[in-house]
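Computed from the coordinates by the stated procedures, all read-outs in this text should not be read as laboratory data. The structure displayed is predicted, hence computed values, not measured ones. Glycine also receives a Cβ, built like all others from the backbone with ideal geometry; neighbour counts cover every protein chain displayed.
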Amino acid sequence: MSYVHKITSQTSVMETARAETCLITGGCGYFGYRLAAHLHKNGAKVILFDVIHPKEDVPERITFVQGDIRSYAQVASAVSGVDCVFHVASYGMSGREQLERLHIEEVNIEGTRNVVEACIQCSVPRLVYTSTFNVVFGGQEIQNGDESLPYLPLHLHPDHYSRTKSIAEMAVLKANGTALKDGFGILRTCALRPAGIYGPGEQRHLPRVVGYIEKGIFKFIYGKAGSLVEFVHVDNLVSAHALAAAALTAQRCHCAAGQAYFISDSRPVNNFEFFRPLVEGLGYPFPTLRLPVALVYFAAFLIETVHRLVAPFYDFQPLLTRTEVYKTGVTHYFSTAKAEAQLGYRPKEYDLDEVVRWFRSRGYGRKRQSSHVSRKVVNLLVVAAFMAAVLSFLPVVAS
């Protein structure tokens, strides 16, 4: 092949890539919009499909379509003519959302089935599904696990979100190789299993953590000091999704078709030590009191029980759920070797400095210093109240 012909061929491939149309379910969320911006920057036309409107004006070549993945008709209408679907939308990841079982099932299972079926009927050739570590994790210790691990049996999931995400991922991967309508090729699918997402402007986990810090609730930590978990910076996750979509194409020999991949920063860290720069960066002391996981898990169980009883009258935000306790206090981390080998994934190193700056630029941070004595008093009161709440539910032995 001549040099000129080679350059012409490469240009042709790039022009084809630029003309691609990608649809992102949940495209107005934190990660979805970040992914959209990356795809748009690289020349793709992007459709944001979401029940909520974008929080900012969308640039040219990005289109917003308001819709609900629980409606097959709305999904099918949106994906018509699309080259690749990134199915990011989900529900029930954290907090009180984890306790809304019916809504979780409707979005995560029925919504995913609608997306898969719409891809088949509308001849969309590629589908990248955003899954979760939790499809294999249910509170057991996992060190450097890989994709050979079996799905956690559904009845062992202590939360409905993880159970439904597992069912959804299995449905997406099972659909790989399905013939598209009217003979337009086959559907190729893959699933990415990310760790907890962080980055400046993250809207789900970090604001809740900072809220606890600012309200003086973050007064103890739990679990072993050596327990390790993982996180993934939003831009690393964006990169993984773009690489996965490319790996479903003929140019990459469809090497990702039917595959699942763990995605993280590849830097296991203690959950609470990970957040230390955020706590101290906002001017607050880092807690020194460490409680056993079992005690905190039991307290979370009681909180969930109370929530179920009073939710019809007062839908409060639980301090912690059982799933959040084991996800933050029990060792579980996974190898990204498969993603690196097959997708070309190369996670960059990030820290929480940009996150701290983001919160400080919006007025967060300690405004004044309390005395050392008053901090001790507050700490003791919080711990005493916590222990009293736990002990109040223990059975009383009759004399």
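In table form, for the structure just shown:
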quantity	calculated
Residue with peak Gaussian network fluctuation, the chain [Cα springs, cutoff 10 Å], from THR336, THR189, THR178	THR178
Residue exposure sequence - LEU180, LEU309, LEU248, LEU99 - by fewest surrounding Cβ within 10 Å	LEU309, LEU180, LEU99, LEU248
Scaled radius of gyration (Cα, divided by 2.2 N^0.38 Å) that segment 55-120 gives	1.25
Convex hull (Cα only) mean projected area of segment 158-258, reported in nm² to one decimal	9.8 nm²
Extension gain from GLN66 to SER148, taking 0.36 nm per residue of separation minus the Cα-Cα distance	25.7 nm
Spacing of the two label points (7 Å from each Cα toward its C-beta) at LYS224 and ALA341, in nm	2.9 nm
Using distinct alpha-carbon pairs, which all enter the 1/r mean, Kirkwood radius of the chain in Å	22.7 Å
DSSP beta bridges in segment 182-304 [antiparallel fraction, %, rounded to 5]	10 percent
Length-normalised contact order of segment 192-324 in % [C-alpha pairs under 8 Å, at least 6 apart]	30 percent
Exposure proxy ranking, count of Cβ atoms within 10 Å, fewest first, for CYS22, CYS253	CYS253, CYS22
Three-way shape label, segment 123-201, alpha-carbon gyration tensor, a/c 1.5	prolate
Computed over segment 197-245, Cα set: Rg, Dmax in Å	14.6, 43
Equivalent ellipsoid dimensions for segment 45-195 as semi-axes, Å, which come from the Cα gyration tensor, largest first	27, 19, 14
Estimated 222 nm signal from helices in the chain, with DSSP H stretches of n ≥ 4 weighted -39500 (n - 2.57), rounded to 500	-12500 deg cm²/dmol
Nitroxide proxy distance, nm - points 7 Å out along Cα→Cβ at PHE286 and VAL209	1.2 nm
Under Karplus coefficients 6.51, -1.76 and 1.60, residue-wise ³J(HN,Hα) of segment 257-272 in Hz, glycine/proline x	4, x, 9, 10, 9, 7, 10, 7, 6, 6, 9, x, 8, 5, 3, 6
Alpha carbon centroid spacing (whole Å) that separates segment 102-130 from segment 315-344	23 Å
Square roots of five times the Cα gyration tensor eigenvalues for segment 228-343, Å	36, 20, 14
